[in-house]
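Colleague: Take a look at this one; I'll ask things after.
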Amino acid sequence: MRVAKTINETQAFLRNVRRDGKTVGLVPTMGAFHDGHLSLMQRARNEEDIVAVSLFVNPTQFGPNEDFDGYTRDFENDARLAQGVGVDLLFAPEAEEMYPDRPLTTVHVDGLTEPLCGAFREGHFDGVTTVCCKLFNIFSPDRAYFGRKDYQQVQVVRRMAIDLNLGVTIVPVPTVREPDGLAMSSRNAYLTAEERAVAPKLYEALQAGANAIRQGACGPDAEALIRDTLAAEPRFGLQYVSALHPETLEPATWSGPPMVLAAAAFLGKARLIDNVLVEA
């Protein structure tokens, strides 16, 4: 596995790859790898000639009171795990490499960034889309792989790639879960043992709402069911629960699928997000 710290080194490696007509799959990450990240890399390994992973804790997508400084960083372990699944190129730049000057240009996707996390994390998605646009320009990948746990992020980045003709296909990969249903996340490390024991109830509540949708419930009724289910566990601080159209993310007022149910809740220091896609 090649480890690159600079954009020039990364692009030089990829120029040689392109001359041989090989396809490139990119997995953008912020590190602290778990099985969810590895599933993205494995999917890319199965589909691409060259698998590239970016490892960059992007400061522009963190708010002033969020966990940028405390975000888990373990480069040696991440590199070992990436090499173990057959990654060809690991791009791990410093912030000064990605942002040598204060950026005056940002990428904003209207509409899709307003509900869900966008309503509570001002500027977050502008940071995500801007860094993803930079990465797509650096790598020129054929496909980029994102976990469906961050459902809104997938839709936002996909729309950006389409609108700006970036020539990359966004591949959503199903959420990887612990045996008890908790969606894998780097932020699960913030949970105490007691909080970890109740954390799967977020997914259980979403599943209850999804079952109601499959039986013909409307979006608002599913939201109420999820809220009532989570209210039974007072340690959850529910931030939002929403039933939305899977592509436009507009409020789902109709009955039955298709629909995506998404929720975010604080559990101690951890902010958990999860979703269930109810397909027709």
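Where a number appears in this text, it was derived from the coordinates with a stated rule and is not lab data. Owing to the predicted nature of the structure, the values given are computational and were not obtained by experimental measurement. Every residue, glycine as well, gets a Cβ built from its backbone with ideal geometry; the counts of neighbours run over all protein chains shown.
Colleague: For residues in segment 1-54 being closer than 20 Å to Cys132 by Cα and polar (S, T, N, Q), which is surrounded by the most Cβ atoms within 10 Å (Cβ to Cβ)?
Modeller: Ser54
Colleague: Hey, another quick one. I need every pair where a residue in segment 196-207 that is surrounded by 21 or more Cβ atoms within 10 Å (Cβ to Cβ) has its Cβ under 6 Å from the Cβ of a residue that is part of a helix (DSSP H, G or I) and not acidic (Asp, Glu), sequence separation at least 6 or different chains.
Modeller: Ala205/Ile226; Ala205/Thr229; Ala205/Leu230
Colleague: Given the conditions (1) touching a residue at least 60 places away in the same chain (Cβ under 8 Å); (2) on the phi < 0 side of the Ramachandran plot, report the number of the one that Gly268 does not fulfil.
Modeller: Gly268 satisfies every listed condition except (2).
Colleague: Restricting to segment 158-210, count the residues that are of a type in the set (Val, Ile, Thr), farther than 23 Å from Asn77 by Cα and out of contact with any strand residue (DSSP E or B) (no Cβ under 6 Å at 6 or more places or on another chain).
Modeller: Qualifying residue count, segment 158-210: 2.
Colleague: Of all residues being farther than 17 Å from Asp88 by Cβ and either touching a strand residue (DSSP E or B) at 6+ places or on another chain (Cβ under 7 Å) or among the hydrophobic types (A, V, I, L, M, F, W, C) (or both) in segment 55-64, which is surrounded by the fewest Cβ atoms within 10 Å (Cβ to Cβ)? Just the residue, please.
Modeller: Val57
Colleague: Wholly within segment 101-199, which helices (runs of 4 or more DSSP H) include no fewer than the required count, namely at least 2 residues that are in contact with a Leu (Cβ under 8 Å, 6 or more places away or on another chain) and hydrophobic (A, V, I, L, M, F, W, C)? Spell out the reasoning first.
Modeller: Numbers: elements: 124-139, 151-163, 193-198.
Per the criteria, 124-139, 151-163.
Colleague: Kindly check whether there is at least one residue in segment 222-231 that is assigned to a helix (DSSP H, G or I), under 28 Å from His34 (Cα atoms), touching a residue at least 60 places away in the same chain (Cβ under 8 Å) and under 24 Å from the mean Cα position of the chain (by Cα).
Modeller: Scanning segment 222-231 turns up no residue that is assigned to a helix (DSSP H, G or I), under 28 Å from His34 (Cα atoms), touching a residue at least 60 places away in the same chain (Cβ under 8 Å) and under 24 Å from the mean Cα position of the chain (by Cα).
Colleague: Does segment 67-97 hold any residues that are charged (D, E, K, R) and free of Cβ contacts under 8 Å to residues at least 12 places away in the same chain, and which are they?
Modeller: Asp69, Glu76, Arg80, Glu96
Colleague: Now, a different point. For segment 1-94, please list each of the helices (runs of 4 or more DSSP H) lying entirely inside it that holds at least 1 residues being touching a helix residue (DSSP H, G or I) at 6+ places or on another chain (Cβ under 6 Å).
Modeller: Correct list: 7-19.
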